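Enquirer: Can you read through this structure? Questions will come right after.
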Amino acid sequence: MITITLSSDKFAVLHFLQEHKRVLRSFRNITITKDERILIKDREYHLIKKEVTLFDVIYTLARPSILGKNTLVFRFSVLPKNSGCTISVSTKPEKFENEIDEKKFMEEFSIFQTEVLAVAKPILTMSVPRDKIPEIIELAISRSLGNIILLWFSSKDYKYVRVKVKNGELVEKIGDFEDISTDPVNVIVKQLAET
């Protein structure tokens, strides 16, 4: 069993864990294709069951084989802890527990939270050519005096970059612009309240 600690409330964590395609991307040797197929070590699996309770989210994946169905089970148990949650990750077979990339999992969760927040109340959404990204960032930096501006860039091939600027400076960047290779790029701009 592997444990991961996130500084977020239980409902937000459970909401994230329901997004099996996003969560499974955090495992090494698991690929989610553009047409949303699940490939594990180049073998195609299908989600046949997803269970969600107040404490667990369980995915059961299967693929046909000569001896019947070959199944994998991923269990994420969520326990509230002081200012966040601890997630226990267990799998059957157990060898997949060691395949989770904790850093990637936390990054996916952070991106998910930002996406939910940004989509809830954006101040601007647009689609722009990829070569206009620097111009948009420059504009956000110039408008961020006394504000926090969140920029969310996404492409059709599920690549994301999150940028946060405050008082004329870049304060956070998650993702890599080199990964966004498609045109146009979707942009969500949101002004955040200071906490």
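The values are calculated or read from the model by the stated rules, or taken from the named source; none is laboratory data. Given the structure is predicted, the values throughout are model-derived calculations rather than measurements. Neighbour counts run over all protein chains shown; Cβ positions are idealised from the backbone, glycine included. The protein model used for the area step is the full one, side chains on, heavy atoms only, and it has no ligands, DNA or RNA in it. Shrake-Rupley method; radii C 1.70, N 1.55, O 1.52, S 1.80 Å.
Enquirer: Please sort by residue number the trypsin sites (Lys or Arg not before Pro) in region 1-84 whose DSSP state is loop and whose Cβ has at most 14 other Cβ atoms within 10 Å. Walk me through the intermediate numbers first.
Expert: Numbers: sites: LYS10, LYS21, ARG22, ARG25, ARG28, LYS34, ARG37, LYS41, ARG43, LYS49, LYS50, LYS69, ARG75, LYS81; in loops: ARG25, ARG28, LYS34, ARG37, LYS41.
Answer by residue number: ARG28, LYS34, ARG37, LYS41.
Enquirer: Note the listed values (1) 19.0; (2) 18.3; (3) 23.3, then indicate which one is Kirkwood radius over Cα pairs in Å calculated from this particular structure.
Expert: (2)
Enquirer: I'd like the projected area of region 85-164, averaged over all directions, using the convex hull of its alpha carbons. Report it in nm² with one decimal.
Expert: On the way: hull surface 31.1 nm².
Taking the Cα atoms of region 85-164, their convex hull projects to 7.8 nm² on average.
Enquirer: Cα convex hull of region 2-116: how many Å³ per residue? Provide the component values of the computation, followed by the final result.
Expert: Values: hull volume 11.5 nm³, N = 115.
For region 2-116, the hull spanned by Cα atoms encloses 100 Å³ per residue.
Enquirer: Could you grab the relative contact order for the chain? Cα pairs under 8 Å, six or more apart, rounded to a whole percent. Each step should come with its number before you reach the end.
Expert: Values: 361 pairs, mean separation 35.8, N = 195.
Once divided by the residue count of the chain, the mean separation gives 18 percent.
Enquirer: Which residues make up the longest stretch of the chain that has no GluC sites (Glu not before Pro) in a DSSP loop with at most 13 other Cβ atoms within 10 Å?
Expert: Numbers: sites that count: GLU36, GLU194.
It runs 37-193.
Enquirer: Of ASP131, ASP183, ASP35, which has the largest mean-square fluctuation in a 10 Å C-alpha GNM of the chain?
Expert: ASP35
Enquirer: With just the Cα atoms defining each centre, how far is region 14-69 from region 109-170? Give it in Å.
Expert: 30 Å
Enquirer: Calculate the dipole size of the chain relative to its Cα centre from +1 charges on Lys and Arg beta carbons and -1 charges on Asp and Glu beta carbons; express the result in debye to the nearest 20. Spell out each step's value before the answer.
Expert: Working: 30 positive and 27 negative charges, 111 e Å.
Dipole size: approximately 540 debye.
Enquirer: Counting heavy atoms of the protein chains only and a 1.4 Å probe, report the per residue accessible area for region 1-157 as a whole number of Å².
Expert: Details: 8960 Å² over 157 residues.
Ligands and nucleic acids excluded, the result is 57 Å² per residue.
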